[in-house]
Amino acid sequence: SSTPLEILLFLNGWYYATYFLLEIFIFVYKGLLLPYPSANLALDLIMLFLYLGIEVTRIFFGSKGNLCQRKVPLSISLALTFPAAVMAAYYLLLQTYALRLEAILNTILLLFYAVELLLGILTLASFS
């Protein structure tokens, strides 16, 4: 198994938990102070909870695949990296109101995904 990949998955788990809580508070802030259309706010919140499900599943399968040296769970984690990156890009660029704090948080998340993808591919290749 890959120690750097496991460390990155662990740190990403904690980072995403912090990210999720901050996004909830940011949406409360934007909902109260900005003229945020209620349909857009509901859509962004629903997508945030879907993003939570994707991220938890991705980290779980990545950790299990890495620690057990199994190709299938690690491949599932690598495949789920792409929808997670799309969600991070959505919150970075396409949501109704994007704050500077959100841009910084999502950029860090995309960097996590890039390094994890690279390490995941290298780890998967070493399992062969």
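The values are calculated or read from the model by the stated rules, or taken from the named source; none is laboratory data. These figures come from a predicted structure and were not determined experimentally. Cβ atoms come from the backbone with ideal geometry, glycine included; neighbour counts cover every protein chain shown.
I need a count of the residues in segment 86-117 that are in contact (Cβ under 8 Å) with a residue 40 or more places away in the chain, surrounded by 15 or more Cβ atoms within 10 Å (Cβ to Cβ) and hydrophobic (A, V, I, L, M, F, W, C).
Of the residues in segment 86-117, 4 are in contact (Cβ under 8 Å) with a residue 40 or more places away in the chain, surrounded by 15 or more Cβ atoms within 10 Å (Cβ to Cβ) and hydrophobic (A, V, I, L, M, F, W, C).
Does Leu9 satisfy the condition of being over 26 Å from Leu118 (Cβ atoms) and of a type outside the set (Lys, Arg)?
Spelling it out, it is not the case that Leu9 is over 26 Å from Leu118 (Cβ atoms) and of a type outside the set (Lys, Arg).
Any idea which residue in segment 1-21 is farthest from Leu110 (Cα to Cα), counting only those that are loosely packed, with under 13 Cβ neighbours inside 10 Å and hydroxyl-bearing (Ser, Thr, Tyr)?
The residue in question is Thr3.
Could you tell me whether Tyr36 is at pLDDT below 95, assigned to a helix (DSSP H, G or I), aromatic (Phe, Trp, Tyr) and more than 12 Å from Ala84 (Cα to Cα)?
When the stated conditions are applied, Tyr36 does not pass them.
Name the one entry in Val56, Val86 that is of a type outside the set (S, T, N, Q), over 18 Å from Trp14 (Cβ atoms) and either within 13 Å of the chain's Cα centre (by Cα) or not in a helix (DSSP H, G or I) (or both).
Result: Val86 is the single residue among Val56, Val86 that is of a type outside the set (S, T, N, Q), over 18 Å from Trp14 (Cβ atoms) and either within 13 Å of the chain's Cα centre (by Cα) or not in a helix (DSSP H, G or I) (or both).
List the pairs whose first member sits in segment 22-43 and is surrounded by 14 or more Cβ atoms within 10 Å (Cβ to Cβ), whose second member is of a type in the set (A, V, I, L, M) and not in a helix (DSSP H, G or I), and whose Cβ atoms are under 7 Å apart, counting only residues at least 6 apart or on separate chains?
Here the result reads Ile26/Leu99, each pair linking segment 22-43 to a residue that is of a type in the set (A, V, I, L, M) and not in a helix (DSSP H, G or I).
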